[in-house]
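First comes the structure, then the notes that go with it.
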Amino acid sequence: MLKLYIIKSSPVLSKQIQAISGPSYTTVSTDHGASETSLSLPVLRMSDNGPILTTLLTFIYPVPTVLPPTLEGIMELLSIAQKYEMPSVLDHIRGKLALNDPPFIRPENAFHAYSLAQKYGLLQEAAQAARATLRFSLTIEDQEENLDVMPGAHLHELWKFHQDVQSNLSSTINDFRGSTAHGTLNGLRCNWNGPFGIPKWLDDYVLSIASAPSLFDPVEFQLAFVRHARDTPMFACSCCPNIPSNTIRTFWTALTNFFNGNVAKVRVIHFNHCPSSNEN
């Protein structure tokens, strides 16, 4: 019965199990000249990490699921499920991971996660980690410490992704500046309005994202307003502090959709430096 769970979960393991199915019998002689027949059950030998295989089985059998305690263990678990062509198990694992708080891939571990995803050929996790690294400025000077957690080839691939995102944003930023969504702020008055009739500090912030995607962050957005207030003490702006919160939310949602849409257009990874991926 337990074998059936595995056969239904993986066509790869199903073929391997069926190839060795059926008990074997061995006849041996005893010390008294008699003979005895012993039954040997079929054994499928696997080269994968034993503890990781054990956690994989919890996503196959009707038992409480268990995740490995480390980031690398999780990546290895996903890679084994991918290796044995278990799409439903992959979805189950990723569904459980999606409930993690904090997320299992986040800015704090994004570079390590990206390198592991490269190592194990996990396209979805590589994309997630690469996008999380957009919170950081990816210059050689800033990233020397990341050479300790990823090969230089992986870091170069990630740098290329950042460059492609920046290029894509730069080529489309004016579309957003003149869009209906951006027009939500039209009519707002400030001591310094930008070319589209909105506060210049807001327009400058939008432009800054194109040259430095790491500035796309709620904290950076708030700092842009603080700098606006600090730099114009003698010309107190009576409008900007009173921008309705729902107007700011609408603007931030539009900017988020624009940013994420442009990032999604950039191919994240080519897997030139890691095992082949079976994912689409």
### Task
Go through E145, E141 for me and flag whichever is assigned to a loop (DSSP other than H, G, I, E, B), at pLDDT below 90, among the charged types (D, E, K, R) and open to solvent by 60 Å² or more (accessible area, probe 1.4 Å).
E141
### Task
Please specify each residue of segment 43-61 satisfying the condition of being in contact (Cβ under 8 Å) with a residue 12 or more places away in the chain and not in a helix (DSSP H, G or I).
V43, L44, D48, N49, F59, I60, Y61
### Message
Every residue in segment 116-132 that is open to solvent by 10 Å² or more (accessible area, probe 1.4 Å), farther than 21 Å from V66 by Cβ and touching a Cys at 6+ places or on another chain (Cβ under 9 Å), please.
### Response
K119
### Task
Quickly run through segment 1-42 and pick out the residues that are part of a strand (DSSP E or B) and either at pLDDT 85 or above or not β-branched (V, I, T) (or both).
S24, Y25, S29, S35, E36, S38, L39, S40
### Summary
I93 vs (1) within 16 Å of S14 (Cβ to Cβ); (2) part of a helix (DSSP H, G or I); (3) β-branched (V, I, T): all pass except (1)
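Out of L97, L67, L57, which single residue is farther than 24 Å from A127 by Cβ and among the hydrophobic types (A, V, I, L, M, F, W, C)?
Matching residue, one of L97, L67, L57: L57.
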### Task
Exactly one condition in (1) closer than 20 Å to P11 by Cβ; (2) open to solvent by 70 Å² or more (accessible area, probe 1.4 Å); (3) small (G, A, S) is not met by A98; state its number.
(1)
### Criterion violated by H112 - all others in (1) under 11 Å from the mean Cα position of the chain (by Cα); (2) under 16 Å from A153 (Cα atoms) satisfied
(1)
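The values are calculated or read from the model by the stated rules, or taken from the named source; none is laboratory data. These numbers come from a predicted model, not from an experiment. Counting neighbours? That spans all protein chains shown, and the Cβs are built from the backbone with ideal geometry, glycine included. Side chains included, ligands, DNA and RNA excluded: accessible areas come from the protein's heavy atoms. Shrake-Rupley method; radii C 1.70, N 1.55, O 1.52, S 1.80 Å.
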